[in-house]
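Here is the structure we will look at.
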Amino acid sequence: MRFYPGYVFDLDGTLYRGAEPIPGAVEVVSELKARGAQVCYLTNNSSQTRSFFTEKLAEMGFPVTQDEISSSGLGTAALLSEWGVRSAYVVGEPGLVQTIREEGIEVVNADEDGLVHSGIVPAQAVVVGIHRSFNYPIMNGSMQCLLNGARFVATNRDSTFPLEGGRITPGAGSIVAGIATCSGQEPYVVGKPNPFLIELALRQMGLQASELLVVGDRDDTDLESGRRAGCDTHLVLTGIEKSAAPWQSFSPDLYGLL
């Protein structure tokens, strides 16, 4: 297969499943970097910080530095800052709260540990990501903010994501859908399939779209974001998708990149 100056790799289902690296993934990424490729590790998962993903990948054996990590949470924080948003009502995990706070934005409904609560508190934006303790009062709090004029931002709209042993679990999109339904509003979606994060990676790498290959296990998010950014794409059948369209470059696993 053609060698590219840059590669964007999805994480869940592409490089690992839960706490288990996918066979061959470490070896393939290491070989591509040894050949001189730049790599961006990009995830729609907003639940954790950049340092968490760096440590997780390093413990699995992937060659990684913190500045190679990108996520829908980081993209969301950057977008809020661009918009001049100074306060946010967050529906998400402590990792997302920390990521937004690190951008200098107040999270109005979270405690010192980053745990969000259901109080009805004014904010300039409502940010929704994966939230495993999501409940009706938090849905109501976010809806009230939106009805009072807050901007609606979703980290991603993935309906599910893969775990160990071929299992799947509900994704952020399931929560986003509930809040969109009750508020009657649609969010700006930062993560894939929006090309926003791919375009950000291109700028950081200093590459043109033709020089970057986007690799993932989901056609509707990972690969669609690459296509919208004008990049070539490659599907691996190690996560969500179990087959590929006739025109789509694919392989059973990452060894197909070598």
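In the stretch 155-191, the residue that is surrounded by the fewest Cβ atoms within 10 Å (Cβ to Cβ) out of those that are modelled with pLDDT of 95 or more and in a strand (DSSP E or B) is TYR188.
Residues are listed down the side, and each one gets a yes or a no for (1) of a type in the set (Lys, Arg); (2) in the same structural domain as LEU200 (by TED's automatic domain parsing); (3) more than 18 Å from PRO5 (Cα to Cα); (4) part of a loop (DSSP other than H, G, I, E, B):
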residue: LEU213; (1), (2), (3), (4): no, yes, no, no
residue: THR221; (1), (2), (3), (4): no, yes, yes, no
residue: GLU224; (1), (2), (3), (4): no, yes, yes, no
residue: GLU241; (1), (2), (3), (4): no, yes, yes, yes
residue: ALA244; (1), (2), (3), (4): no, yes, yes, yes
residue: GLN248; (1), (2), (3), (4): no, yes, yes, yes
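Is it the case that ARG203 is in contact with a strand residue (DSSP E or B) (Cβ under 8 Å, 6 or more places away or on another chain), of a type in the set (Lys, Arg), in the same structural domain as LEU32 (by TED's automatic domain parsing) and not in a loop (DSSP other than H, G, I, E, B)? Here the answer is no, as ARG203 does not meet what is asked. When residues in the stretch 214-236 are screened for being surrounded by 19 or more Cβ atoms within 10 Å (Cβ to Cβ), of a type outside the set (Val, Ile, Thr) and either farther than 10 Å from ILE198 by Cβ or over 17 Å from the mean Cα position of the chain (by Cα) (or both), 8 of them pass.
Of all the residues in the stretch 79-131, those that are surrounded by fewer than 24 Cβ atoms within 10 Å (Cβ to Cβ), of a type in the set (S, T, N, Q) and within 20 Å of the chain's Cα centre (by Cα) number 2.
Where strands (runs of 3 or more DSSP E) fall entirely within the stretch 15-110, those with at least 2 residues that are assigned by TED's automatic domain parsing to the domain that holds LEU235 and touching a residue at least 40 places away in the same chain (Cβ under 8 Å) are at 38-43. Check whether at least one residue in the stretch 196-203 is within 27 Å of ALA78 (Cβ to Cβ), in contact with a Cys (Cβ under 7 Å, 6 or more places away or on another chain) and not aromatic (Phe, Trp, Tyr), and report yes or no. Checked the stretch 196-203: at least one residue is within 27 Å of ALA78 (Cβ to Cβ), in contact with a Cys (Cβ under 7 Å, 6 or more places away or on another chain) and not aromatic (Phe, Trp, Tyr). In the stretch 18-46, what residues are within 22 Å of LEU96 (Cα to Cα), surrounded by fewer than 23 Cβ atoms within 10 Å (Cβ to Cβ) and either among the acidic types (Asp, Glu) or modelled with pLDDT under 95 (or both)? Those that are within 22 Å of LEU96 (Cα to Cα), surrounded by fewer than 23 Cβ atoms within 10 Å (Cβ to Cβ) and either among the acidic types (Asp, Glu) or modelled with pLDDT under 95 (or both): GLY18, ALA19.
The requirement of being of a type in the set (D, E, K, R), more than 23 Å from GLY171 (Cβ to Cβ), surrounded by fewer than 16 Cβ atoms within 10 Å (Cβ to Cβ) and at pLDDT 95 or above is not satisfied by GLU55. Filtering the stretch 111-154 to residues that are among the β-branched types (Val, Ile, Thr) and assigned to a strand (DSSP E or B) leaves VAL116, VAL126, VAL127, VAL128, VAL153.
The values are calculated or read from the model by the stated rules, or taken from the named source; none is laboratory data. Here the structure is a predicted model, which is why all the values come from computation and not from measurement. Cβ sites come from the backbone with ideal geometry, for glycine too, and all protein chains shown count toward neighbours.
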